[in-house]
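Contents: one structure, followed by commentary.
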Amino acid sequence: MVSGRSDKCGGEYQKMKKGDKWKKVLGVIVILAIIVAVFSGAVSAEDVSRGLKQSVVDKAPSKDNTILDEEYGVVPAEDVSEGLNESVEDAEIQTAFAEDKIQSLNSQTEIFVGQGFDKCEIPTLSQMQNWITNSPYGAVNLYIGGSCRSCPNSALTASYVSQLSQQGWKFIPTWVGPQSACWGGSCGSISNDPATAYNQGISEANAAIGVAIDLGLALADGSGTIIYYDLEGYDTTNTACRNAAKSFISGWTAQLHARGSYAGVYGSACSSAISDFATISNIPDAVWAAHWLTPYQYRPDATVWDVACLSNGLWVDHQRIRQYAGGHGETWGSVTLIIDCNVIDGIVASVGDKFNIGDTVRVTTNLNVRTGPGTSYPEITDPDYPGYAPAGTIGTVLSGPSSADSFIWWEVNYGPGLYSGWSVEGGLEKVDDNIRPTVDAFSVTPASVTLGDSFTVSYTVSDTGGSGLKQVELWRKGTGSWEQIDVTSLVGEGDGPYSNSFYDAPTSVGTYLYGIHVQDIAGNEGLEPDPPGPIEVEVTPVNQPPTLSNGYVTPASGDTSTTFDYYVTYTDSDGDAPTTKYVYVDGSPHMMTMVSGSYTSGATFKYSTTLSAGSHNYYFYFDDGHSHTKRLPTSGTYSGPTVCGNMGVNPTTWSPPTLNCGESDSQIVTVSATGGTVEGVTVSKISGETWLSLSQTNLGDIPSGSSETFTMTAAPPSETSGDFTYTVRVSNTCGSPSSRDVTGTIHVECPDTTPPSAVTDLATIDPTSNSIKLTWTAPGDDGNTGTATTYDIRYLEGTSITESEWASAIQCTDEPSPNPAGSAEAFVETGLSPDTTYYFALKTADEVPNWSPISNSPSGTTEPGEVSIISIDPSSSKISAGSTTKINLTLDKAPNGLSGYNLTVSLSKVTVAEIVSVSFPSWATLHDNSTLPAGSIWMKAADLSDQVKSGATDINLGTLTLRGDNQGTSDIVITVTKMDDDNGYPINPNTISGQIEVTSVIPIPGHTNPPTDPDSDGLYEDLNGNGMKDFDDVVQFFKYMEWIEDNEPIACFDFNGNGLIDFADIVTLFKEV
């Protein structure tokens, strides 16, 4: 076989190196000797085959069971053993094989009896066309793939296969995958593990089916074809390799069967051990055995039987192909090809036409449409046609196929708007549609119409089967049978959805049914959904128009407060209720309401409203809901009613200020008209005193937008006093409202002009530190008669009060009410400052008020008050640098209690010390202070629970913690911002400053250097300042212990930590030394 394998150790043709030429000569000599031996009976064919394989094939491996091919001097071993059968027992094999006889053929396979050829690289289409016409061959091998395929066959495409099929060729699809491990090639090996080999067979079958689908040899699911596996010859004496080959072919066969296709196997009948596959679990459906005859040439009498090493009892039912001639050249029709020859009585692949005439097809991508089958034909063009069929277009096959320009062409009718034309097969797919199209929506509206009116039949249809919508039919049934009323072509609409409406007007009264049928291009039909099924509607007789009569408004005139009622009678012989029922007043519509009667005998409708002033018009307009309208009057309007204007009166009340007896006052009142004329306006006094008079009481008609006035005058006589009410009415004969009243109260007095007398005996007595008592004799209401109403008492500090100072003087609060004239009066003014001179004065007023002249202005001096002191405890502190101490702020006394304070504590030298914390006493329920630490802080507190009572002494204001920072002395200064007693009066205490001294370590007497801390533990063990601890330090401590206690920071020399300078410190230091 001219194998499609690719193998460095022996491919389609094995080419020899220059150094191997001697092997060619030797091979010819050996072959001639073997031929003589075989035909003289000296050796058996099997022995010859085995011997050749060992002596030549293993040294220069080529394809199965070959020594060297014809082109390069190779002779097939099959030719040597022609006519000889392997000596095997067939009975058991035949029994097993009989159980796996070939069944009915798949859709794209057939039994072929005749001649075929195979060739490593596929010929061109023109060569194949020549040979199908001139050669005796009708089948051709196709090396479709596999890891050991030698020739690329790049021209092998689905289009190529389809065009070969159109030429009339049948096919022997062949897969050249991994070979036996005992074969020796490097393009892929079958595992010697049977289980792995079986799975390899499955994998190769799936790969081969995938390619067969792409080439159109198999259907989309992988079914319908046959594929032969090319298994080249191998060392069949190796049991492991032989078992692995059987397991591999069993997996190959099982998987092709599972995919719905047939399995075949190619190989040397002997060195590929083809007969082995008759006993495996999954027996191949056909075999292709290589047994060559010499010379290599076409043999019309070749037969599939009597193949070496393959019993005639195996694969007997049209299941054989025999390769009877190796690679050689043949010329047919002037075309020469190098081929292998095959005689066939077995299964081959046949690719039928993709479509049949009349098939429904879909365009899979935008597809050119030409006037003929070939790219030389022009595209169909038209102003309304783009020259191609858009993707998704549905069409019907008219004719074809036709092969041209390496494509298969079909003539397709693409429907209205798209002409019929020729397109390539690759852009078309068959639509197998047995699904009914659907009516997604179907309605007929309205449910009832009057004879002559139309129904609207609306629908939405779609197709999910794939062939696309063809047409929709609308049907109607009245008293007779169903009749078709509309047919709409939907070709070109695709699958939809497609929506449309149709208008239908039946010609007679009665009940009707409407139905719908929808068809797709595949001929499937769908009906209206059930429910609703056919839709029932009604055609009613022609409706009669209504009448309007007896329209009027009452009353005929009035004002803006009058309610006017509009009436009209509506009559409809059909009994139709009006859908429009308006009275138009001055051009504006108003809905009327039925109040009595019936539609057929006459229904009374009413509308009530008030109107603006002026003249008005109206008409009535009704509609019975059947396009019948009526107007009353038929044109123009009715006049009426007449509405008078609105009357305005301003003001409507007059209450003048107190009117003194014997004096007069007047008020002008304006009467206006808006929105129309106000007629017959008059003015009259309904109630009131005789001294209240009116002028111009007859104002007549007041036009809209105009006004008139009248005057009311009040002139009470002398000695008249009191409150006097009145009512003056403004009326009209036509206007809104018909009248308005002007009302009010006139207060008349004979005035009091006499003030109280001035107080002349105002005196000051009984001063305290914060109060002075005043005494005087009460004046009267009028001079010194009666009882006055009010006292106004005022004071100034250090200055007497005259009329010119009165306004700037401080007014006292809670002054007493005056007693009758001549009474002794007294008043105590508090809240004064101690030891201060104040001047007082007062004025008296009556109820008018008439104010008296200013009194005399006596003076009084408050008693000196007690002065409180804030001190610092202790007043002087002495600390060492880095240590802290506490000081208390103390108020010595609070005669009137303490409500709170705000003060500042400052250090005069902030580098010496600073305030690090503040604590407040328990009475300070509310307190605050500024940020710490600082050299100056403010602090404030309030006694919310009144814990610091009047007379309290030694009051703690707070405790401050001070820290020494550097050697030096700083004053501690207190500044009081504010301090109040329980009465809210200020406390102005004196303050006493304190002092803090910060010391550092200094030399002890008789020494120049100060003590040091040699181990940095905070204790100064080196008292003599020589930088070390020694016994002299102990002596110096003992000698100057009292001096150290008075002059040094104790904490620096307190070695036992008890806070003292004592002998225990000396003992501790001694132990350390």
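The values are calculated or read from the model by the stated rules, or taken from the named source; none is laboratory data. All values reported here derive from a predicted model rather than from experimental measurement. Don't worry about glycine lacking a Cβ; one is built from the backbone with ideal geometry, like all the others, and counts go over all protein chains shown.
Descriptive notes on the structure:
- For region 908-933, the set of residues classified as closer than 14 Å to Val973 by Cα and in a strand (DSSP E or B) consists of Ala913, Glu914, Ile915, listed by residue number.
- Boolean, Thr861 is within 15 Å of Asp766 (Cβ to Cβ), touching a strand residue (DSSP E or B) at 6+ places or on another chain (Cβ under 9 Å) and surrounded by fewer than 18 Cβ atoms within 10 Å (Cβ to Cβ): yes
- Region 318-341, residues that are in contact with a strand residue (DSSP E or B) (Cβ under 9 Å, 6 or more places away or on another chain) and either more than 19 Å from Gly116 (Cα to Cα) or in a loop (DSSP other than H, G, I, E, B) (or both): His318, Gln319
- Test: residue in region 522-531 that is at pLDDT 90 or above, closer than 15 Å to Leu469 by Cβ and either of a type in the set (D, E, K, R) or part of a loop (DSSP other than H, G, I, E, B) (or both): no
- For Gly222, the conditions (1) of a type in the set (Gly, Ala, Ser); (2) in a helix (DSSP H, G or I); (3) within 24 Å of Lys170 (Cβ to Cβ) all hold with the exception of (2).
- Entry remark, region 873-918: residues being buried (at least 20 other Cβ atoms within 10 Å of the Cβ) and either in contact with a helix residue (DSSP H, G or I) (Cβ under 9 Å, 6 or more places away or on another chain) or outside the structural domain of Ile987 (by TED's automatic domain parsing) (or both) number 0 in total.
- For region 546-595, the candidate set comprises residues that are in contact with a His (Cβ under 7 Å, 6 or more places away or on another chain) and surrounded by 13 or more Cβ atoms within 10 Å (Cβ to Cβ); within that set, the residue that is farthest from Asp624 (Cα to Cα) is Val585.
- Inside region 237-263, residues that are over 16 Å from Pro194 (Cβ atoms) and over 60 Å from the mean Cα position of the chain (by Cα) make up a count of 1.
- When residues of region 413-459 are limited to those that are among the β-branched types (Val, Ile, Thr) and surrounded by fewer than 17 Cβ atoms within 10 Å (Cβ to Cβ), the one modelled with the lowest pLDDT: Thr450
- Residue selected from region 234-281 under the condition outside any helix (DSSP H, G or I), touching a residue at least 60 places away in the same chain (Cβ under 8 Å) and of a type in the set (A, V, I, L, M, F, W, C), by the criterion nearest to Thr109 (Cα to Cα): Ala269
- Listing of strands (runs of 3 or more DSSP E) fully contained in region 582-679 that carry 1 or more residues being under 60 Å from the mean Cα position of the chain (by Cα) and of a type outside the set (A, V, I, L, M): 588-591, 593-598, 602-610, 614-623, 629-632
- Annotation note: of Val316, Val335, the sole residue that is touching a Pro at 6+ places or on another chain (Cβ under 9 Å), surrounded by fewer than 22 Cβ atoms within 10 Å (Cβ to Cβ) and not assigned by TED's automatic domain parsing to the domain that holds Ile521 is Val335.
Residues checked against (1) more than 30 Å from Pro864 (Cβ to Cβ); (2) outside the structural domain of Ser771 (by TED's automatic domain parsing); (3) among the small types (Gly, Ala, Ser); (4) out of contact with any strand residue (DSSP E or B) (no Cβ under 7 Å at 6 or more places or on another chain):
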position: Tyr985; (1), (2), (3), (4): no, yes, no, yes
position: Gly994; (1), (2), (3), (4): no, yes, yes, no
position: Asn1009; (1), (2), (3), (4): yes, yes, no, yes
position: Tyr1020; (1), (2), (3), (4): yes, yes, no, no
position: Met1028; (1), (2), (3), (4): yes, yes, no, no
position: Asp1032; (1), (2), (3), (4): yes, yes, no, yes
position: Tyr1040; (1), (2), (3), (4): yes, yes, no, yes
position: Trp1043; (1), (2), (3), (4): yes, yes, no, yes
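- Condition met for Asp835 (touching a Pro at 6+ places or on another chain (Cβ under 6 Å), assigned to a loop (DSSP other than H, G, I, E, B), among the charged types (D, E, K, R) and farther than 18 Å from Ser857 by Cβ): yes
- Of all the listed residues (Ser462, Ser481, Ser454), the sole one being within 30 Å of Thr396 (Cα to Cα) and not assigned by TED's automatic domain parsing to the domain that holds Ser573 is Ser462.
- Screening Val335, Val307, Val363 for residues that are touching a His at 6+ places or on another chain (Cβ under 7 Å) and not hydroxyl-bearing (Ser, Thr, Tyr) leaves exactly one candidate, Val307.
- Consider region 723-758 and keep the residues that are at pLDDT 90 or above and among the small types (Gly, Ala, Ser). The one that is nearest to Asp846 (Cα to Cα) is Ser757.
- The set of residues from region 183-206 being more than 17 Å from Ser150 (Cα to Cα) and surrounded by fewer than 20 Cβ atoms within 10 Å (Cβ to Cβ) comprises Ser191, Asn192, Asp193, Pro194, Ala195, Thr196, Asn199, Ile202, Ser203, Asn206.
- In region 882-897, the residues that are modelled with pLDDT of 95 or more and closer than 16 Å to Asn988 by Cα: Leu889, Thr890, Leu891
- Pro541 fulfils the conditions (1) surrounded by 13 or more Cβ atoms within 10 Å (Cβ to Cβ); (2) over 53 Å from the mean Cα position of the chain (by Cα) except for a single criterion, (1).
- Strands (runs of 3 or more DSSP E) fully within region 843-907 counting 3 or more residues that are touching a Lys or Arg at 6+ places or on another chain (Cβ under 8 Å) and under 21 Å from Met979 (Cα atoms): 900-907
- All of Phe502, Phe564 fail the test of being in contact with a Leu (Cβ under 8 Å, 6 or more places away or on another chain), more than 18 Å from Arg436 (Cα to Cα) and in the same structural domain as Phe442 (by TED's automatic domain parsing), apart from Phe502.
- Of all the residues in region 681-723, those that are assigned to a strand (DSSP E or B), in contact with a Leu (Cβ under 8 Å, 6 or more places away or on another chain) and either free of Cβ contacts under 8 Å to residues at least 12 places away in the same chain or of a type outside the set (Lys, Arg) (or both) number 10.
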